[in-house]
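In what follows, a structure is listed as structure tokens, so that the remarks can point back to it.
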Amino acid sequence: MRAQDLSPVYAGALLGLSNTAGALPGILGVTSVGLLLDRTSSWGASLFYPTAACQLLGLVVYTSLASSRRQGWCDGGDGA
């Protein structure tokens, strides 16, 4: 679903937030894997376990908070 479908009024802000959230793992992931690899000397521990933990966290957050229903604040007009 596109940001324009979720909230036509705030689509730009939603797109910016989602792109930032998508770029952070690429920046922080490389650094954290490098640090874990230096400390553990194990590819399995430095790559698989953090990836599995992030996937499980995403599953929990998505299933508990996600909704595709239009929110009352997004219809705009008065900015509320």
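Here are a few things to note about the model shown:
- The stretch 35-74 - residue that is within 18 Å of R2 (Cβ to Cβ) and outside any helix (DSSP H, G or I) and, of those, nearest to the chain's Cα centre (by Cα): A66
- Pair list, Cβ < 8 Å and 6+ apart or interchain, from the stretch 9-34 residues that are in a helix (DSSP H, G or I) to residues that are of a type in the set (S, T, Y): L14/S7; V33/S46
- Selected residue (criterion: farthest from W73 (Cα to Cα)) from residues of the stretch 11-34 that are surrounded by 11 or more Cβ atoms within 10 Å (Cβ to Cβ) and among the aliphatic types (A, V, I, L, M): V33
No value in this document is a laboratory result; all are computed from the given coordinates. All figures in this text were calculated on a predicted structure; none of them were measured in a lab. FYI the Cβ positions are ideal-geometry reconstructions off the backbone, even for glycines, and counts take in every protein chain you see.
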